[in-house]
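Below you'll find the structure, written out as structure tokens, and then a few comments.
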Amino acid sequence: MRVSKTRFVRVIRLQRTQTLKGEFNTKRSLYVTFVTLVCMVLITGCWNRRELNDLAVTVAIGVDKNGKQIMISNQILNAGAISGKEGGSSSVAPVTLFQEKGDGFQEVARRMTTRSTRKIYVGQMQILIFGEKFAREGVGRVLDHISRDHEYRKDFYVIIARGAEAQDILKVFTPLEKTPATKMNASLEVSSKAWGATAAVKIDDFTSNIISKGKEAVLTGITLNGDPQVGNDKGNVEKIFSPARIKYFGIAVFKKDKLLGWLNEEESMGFNYTQGEVKSTAVLLTCPNEENHMTVELMRTKNKTQVVMKNGKPIISLKIKAEGAVTDAQCPMDLTKPSSILQMEQLTQNKIKASILAAIKTVQTQYKSDIFGFGEEVERNFPEYWEKAKDNWDERMSSLQVDVQIEVKIKQMFKTSKSFYERMGE
């Protein structure tokens, strides 16, 4: 029986196709098997996982100067006390403090395990506190360790214990929140949004500004009012008015990694205006030709920084726009008249401008540290000038001309346009 040439070719092609399909199916099966094995490994667990019961979870760390050494204070969660599983005893503190001293941060952190029955875990840390004495000598060695250690997250806040040691701040029992670290974290966030005289600075931003050539770092200060020994007693929060209290106050000025000094409350507010960090605040104004006061609540603020070159020197232009509402009016003014509103807007503009100029003057004359980031703006707009000026920018910045323009619009009166005293007289 003879097979035609054409039919023979078709049979050969069919056999080749079937062979290729078989090889493809085999490879696909191997690929599916490999992917399945990988997924099974990932699903079954992580190679470096650790049980929560085996860890001592750090929520805050304090760093202080101790002679020529450093003192590390770890505020550790007492999970049993927080969850109420400590035999029903209310005398158990929600946190405990482990302390150790030494020459290096990593050395001290590892030696601290001799005081703990569990491995200390820093992955849930909320806040880092530097004692003022330690910060004045430089915080670089601590930042170097934190930036290298993979266990540290990069979203916790950094603050300075103003006129105090970090360990004293961490020992204070605080009201409203179960753990002091949570209280400090929440207070910093709320005050930065509702008051505007504090700066909620996270570790990444702090480190970035220290490294930057055109902007220096700032941190918010936290103070302790009252006896630290009283604050270390749980009775501190069992009273209506706590004898020992912690509060945020003032912004710390840095040059590189060293603390130089402080801005007062007005200057701190002025600095935050220049950074666009005032989300909302209350501006207290003195009535024209009166001793009484009125208050304008700012609800929206915007900032814009520009640089122009004049006669070979940079000039900074700061423009701040804000919208507000009258929340307290004790002045004998008819707020239904446009002229009265214009007058209040002008008073508010003057108050904001005064706080900004006060901050600029203090920084230029006393600290000579560019916390405003003017150098970054100069570098961005005039790179050739910056290359010549960057090595002695602190001196140039101290005589830099800064023009400030404020525009405030009052949009609301909040319920009434007359003061309470005017309504009493009707």
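Would the stretch 52-263 count as rounded, prolate or oblate if I go by the C-alpha gyration tensor, calling it rounded below 1.5 in a/c and otherwise prolate when a/b exceeds b/c, oblate otherwise?
Here the stretch 52-263 falls in the oblate category.
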Subject >> Calculated from backbone phi, Karplus (6.51, -1.76, 1.60) coupling profile of the stretch 140-155 in Hz, x at Gly/Pro >> reply: x, 5, 6, 5, 4, 5, 5, 5, 8, 6, 6, 6, 6, 6, 10, 10
Original post:
Can you give the FRET efficiency for Q405 and V237, using 1/(1 + (r/R0)^6), R0 = 45 Å, r = Cβ-Cβ distance, to the nearest 0.05?
Top reply: 0.45
**OP:** Please give, to one decimal in nm, the separation of the simple spin-label points placed at R153 and K256, each 7 Å out from Cα toward the Cβ.
**Re:** 3.3
Subject >> Per-residue ³J(HN,Hα) for the stretch 196-205, Karplus 6.51 cos²θ - 1.76 cosθ + 1.60, θ = phi - 60°, Hz, x for Gly and Pro >> reply: x, 9, 10, 10, 7, 9, 8, 4, 5, 5
Original post:
What list of ³J(HN,Hα) couplings, whole Hz, do you get for the stretch 65-77 from phi and the Karplus terms 6.51, -1.76, 1.60, once you set θ to phi - 60° and write x for glycine and proline?
Top reply: 7, 9, x, 8, 9, 10, 10, 9, 10, 9, 8, 9, 5
**OP:** Using Cα positions and a limit of under 13 Å, work out the aspartates and glutamates in reach of K361, with same-chain residues fewer than 8 apart set aside.
**Re:** E266, E267, D370, D403
Original post:
Which of the aspartates and glutamates could a cross-linker span from K409 if the Cα-Cα distance has to be under 18 Å and same-chain partners fewer than 8 positions apart are dropped?
Top reply: E297, E323, D328, D334, E345
**OP:** Any of K279/K390; K258/K351; K178/K239; K68/K368; K256/K310; K65/K171 with alpha carbons more than 26 Å apart? Name them for me.
**Re:** K279/K390; K258/K351; K68/K368; K256/K310
Original post:
Are there trypsin sites (Lys or Arg not before Pro) in the stretch 116-219 that DSSP puts in a loop and that have at most 11 other Cβ atoms within 10 Å, and which ones?
Top reply: K154
**OP:** Would you mind calculating the gained length between D103 and Q330 on full extension (0.36 nm times residue separation, minus the Cα-Cα distance), in nm to one decimal?
**Re:** 75.8 nm
Original post:
Relative contact order, percent, of the stretch 270-425 when contacts are C-alpha pairs under 8 Å separated by at least 6 residues?
Top reply: 30
Original post:
For the stretch 197-299, with only Lys/Arg (+1) and Asp/Glu (-1) charged at the beta-carbon, what is the dipole magnitude about the Cα centre, in debye rounded to 20?
Top reply: 500
**OP:** Tell me the label-point distance for the pair S280, L176, using the 7 Å Cα-to-Cβ offset, in nm and rounded to one decimal.
**Re:** 1.4
**OP:** Can you figure out the FRET efficiency of N289 with E384, using R₀ = 35 Å and their beta-carbon distance, to the nearest 0.05?
**Re:** 0.10
Original post:
Taking amide hydrogens as modeled 1.01 Å from N in the peptide plane, which residues meet the under 5 Å criterion relative to K255, leaving out close sequence neighbours?
Top reply: L260
**OP:** Express the relative contact order of the stretch 92-231 as a whole percentage, based on alpha carbon pairs under 8 Å and six or more residues apart in sequence.
**Re:** 24
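Every number in this text was worked out from the coordinates using simple rules, so none of it is lab data. Just so it is clear, the model here is predicted, and its values are computed rather than measured. Cβ coordinates were reconstructed from backbone atoms using ideal geometry, including for glycine residues, and neighbour counts include every protein chain displayed.
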